[in-house]
1. Take the stretch 482-536 and flag every residue that is among the polar types (S, T, N, Q) and more than 21 Å from Met81 (Cβ to Cβ).
2. If you take the residues in the stretch 412-464 that are assigned to a helix (DSSP H, G or I) and at pLDDT below 90, which one is surrounded by the most Cβ atoms within 10 Å (Cβ to Cβ)?
3. Those residues that are open to solvent by less than 30 Å² (accessible area, probe 1.4 Å) and either part of a helix (DSSP H, G or I) or of a type in the set (A, V, I, L, M) (or both), I need them from the stretch 96-119; list them, please.
4. Output the residue which, of all residues in the stretch 465-503 that are of a type in the set (Gly, Ala, Ser) and open to solvent by 10 Å² or more (accessible area, probe 1.4 Å), is nearest to Tyr5 (Cα to Cα).
5. Restricting attention to helices (runs of 4 or more DSSP H) lying wholly within the stretch 286-396, give those where 3 or more residues are in contact (Cβ under 8 Å) with a residue 24 or more places away in the chain, of a type outside the set (A, V, I, L, M, F, W, C) and open to solvent by 20 Å² or more (accessible area, probe 1.4 Å).
6. Can you tell me which residue in the stretch 197-219 is nearest to Glu531 (Cα to Cα), limited to those that are in contact with a Lys or Arg (Cβ under 9 Å, 6 or more places away or on another chain) and not charged (D, E, K, R)?
7. Could you please find all residues in the stretch 160-196 being part of a loop (DSSP other than H, G, I, E, B), under 21 Å from Asn365 (Cβ atoms) and at pLDDT 95 or above?
8. Hey, any hits in the stretch 506-525 for a residue that's crowded, with 18+ Cβ neighbours inside 10 Å, under 21 Å from Val451 (Cα atoms), free of Cβ contacts under 8 Å to residues at least 24 places away in the same chain and polar (S, T, N, Q)?
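The values are calculated or read from the model by the stated rules, or taken from the named source; none is laboratory data. Everything numeric here is computed off the predicted structure, so don't read it as measured data. Virtual Cβ from ideal backbone geometry, glycine too; neighbours counted across all protein chains shown. Just the protein is used for accessible areas: all its heavy atoms, side chains included, with ligands, DNA and RNA removed. Shrake-Rupley method; radii C 1.70, N 1.55, O 1.52, S 1.80 Å.
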Amino acid sequence: MIPRYLINFDSEKLSQSTSDLLIIGSGVAGLSVALRASKFCQITLLTKSELGEATTRYAQGGIAAAVGEGDSPEYHLKDTMEAGDGLCDPRAVRILVEEGPARLRELIDFGAHFDLTGNHLSLSLEGGHSRPRVAHARGDATGREVELALVNAVRKNPQVETHENIFVLDLLTHQDRCIGAIAFEPFGAKFRLFIAKAVILAAGGMGQLFKVTTNPSISTGDGIAMSYRAGAEIVDLEFIQFHPTALYEDGNPRFLITEAIRGEGAVLRDIRGQRFMDGVHPLADLAPRDVVVRQMVKVMKANSNDHLYLDATVIPLDNLKKNFPTIYQKCLQAGIDISKDLIPVAPAAHYMSGGVRTDLNGRTNLPGLYACGEVACTGIHGANRLASNSLLEGLVLSKRISDVLNQDLAELSLKLTEMAVSHSSPKRGKTVGLEQERRKLQETMTNKVGVIRSRKSLEEAAKIVESMKDVLDIQFNSVDGFELQNMILLAKLIIRAALMREESRGTHYREDFPKVDDTKWRKRIVFKDTEQGMRV
């Protein structure tokens, strides 16, 4: 049985803060909602690290939107649906592609400066796209530019009270409604309640479950784990996207090398210098990410190697410095001149296509709880995310949430200060080696639940993760401990979903079921925690 809360507590004995709206997370989704909702309510925003340190800032490629000549929302919809391999919700995708261009223009109004060619946006071509439609800023620094513009706007907004370096443990529920969250302040080792009429979860992804990822250290799946414990529906967890080209070097996270560089002409090569994507897919090196990554793994396995190469030497030096300045400088620091040298690359865990299930306006099945960004699952991505749709999704869904939230809050009459919540369950006093256990989990997920899976590998992973279950019953007093508990819970759910789906689709590849099975598996796996246990 999964404990409902990570700690024992009594809300009447903890300090409390109240507001109309509580936002958890400070990426593009959370910040966008804050700016919109601040027009009609008072907001508290909590972020795990510092403003500006969310996954958003690491996005290099840009924002996909059908704004270029010869492009249209219909073309964008077709590309997104093809990448999603039969599991995209067409209604959600249509909303994304039709509302996306307006959201991109609004982001420019917020102060983001995108690259221009003359008076028009410069648009790049990325994997899976049939046309150049990816708007970018300062070449390959789009995420940083977007995050900076939104952070600056939020800091100036008097309606938004921001708390940095605070870890949200759990969502608070009362009479089957979400009424806030319980948080841990590491620097004072104190627990605190944040009560609100509505909660928006924008807590990001879970790449740190794997040994090699492009995600920052804060991406430990906390949002999905706390939502599951609170009774929210979780969906599509088996679909984890690995980015084909992370710089092959020590350390975690790995430096991402945007596939926009392949859109400019760079190609993948094996250790002998031979191209290997020709004939695998009509788009060759610009095939959807799941196709490219699987082929890379096959080539590496055949050559008993753990990396391949990206060849950008065909791109003129001036173009490399102009369009990919961050990549150019980072590689130079590593002793690689990308205008002359091949870049060593390897796949890395990148993006969770699934998450907390929402409707088309960001509402979850738990009244009072909304979700957006990578932590949420609207059905847009299906079995595989199309490149550069993620920032766009955050912008589009934040607008839709703020529109319905205005009405939802107006119709709500809650006396939040009269709602008492407490939790008491047996807690083990033993300690564990947090770093050792975290490393064991990451190695298990990488080796047995990675790009290529099988019943054997997944069952082995399930046994290892099950052996760690006692960690869930420990009452920690540190962020590392809480993170490990969330990671173990999320790993259990991912493995369960991957075992259930006996086919290969999108980013979920089972070598024992290597084909798509529309007859049995053109459907989605939804988990919900109940008093009787997991409901599937």
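1. Gln485, Asn486, Thr530, Gln532
2. Once the filter is applied, the top-ranked residue is Leu416.
3. Answer for the stretch 96-119, where residues must be open to solvent by less than 30 Å² (accessible area, probe 1.4 Å) and either part of a helix (DSSP H, G or I) or of a type in the set (A, V, I, L, M) (or both): Leu96, Val97, Gly100, Pro101, Arg103, Leu104, Leu107, Ala112.
4. The first filter runs over the stretch 465-503 and keeps only residues of a type in the set (Gly, Ala, Ser), leaving 467, 478, 481, 491, 497-498.
Filter once more, keeping what is open to solvent by 10 Å² or more (accessible area, probe 1.4 Å): 467, 478.
Working: Ser467: 20, Ser478: 15 Å.
Filtering the stretch 465-503 for residues that are of a type in the set (Gly, Ala, Ser) and open to solvent by 10 Å² or more (accessible area, probe 1.4 Å), the one nearest to Tyr5 (Cα to Cα) comes out as Ser478.
5. Counting at least 3 such residues, we get 317-323, 325-333.
6. Filtering the stretch 197-219 for residues in contact with a Lys or Arg (Cβ under 9 Å, 6 or more places away or on another chain) gives 203-204, 208, 211-214, 216, 218.
Cutting the leftovers down to not charged (D, E, K, R) gives us 203-204, 208, 212-214, 216, 218.
Numbers: Ala203: 25, Gly204: 27, Gln208: 29, Val212: 36, Thr213: 35, Thr214: 36, Pro216: 34, Ile218: 30 Å.
Out of the qualifying residues, it is Ala203.
7. Our first condition is that a residue be part of a loop (DSSP other than H, G, I, E, B); within the stretch 160-196, this holds for 164-166, 175-176, 186-189.
Imposing the further condition that a residue be under 21 Å from Asn365 (Cβ atoms) reduces the set to 175-176.
Residues satisfying the conditions do not exist here.
8. Looking for residues that are crowded, with 18+ Cβ neighbours inside 10 Å, under 21 Å from Val451 (Cα atoms), free of Cβ contacts under 8 Å to residues at least 24 places away in the same chain and polar (S, T, N, Q), one finds none in the stretch 506-525, hence no.
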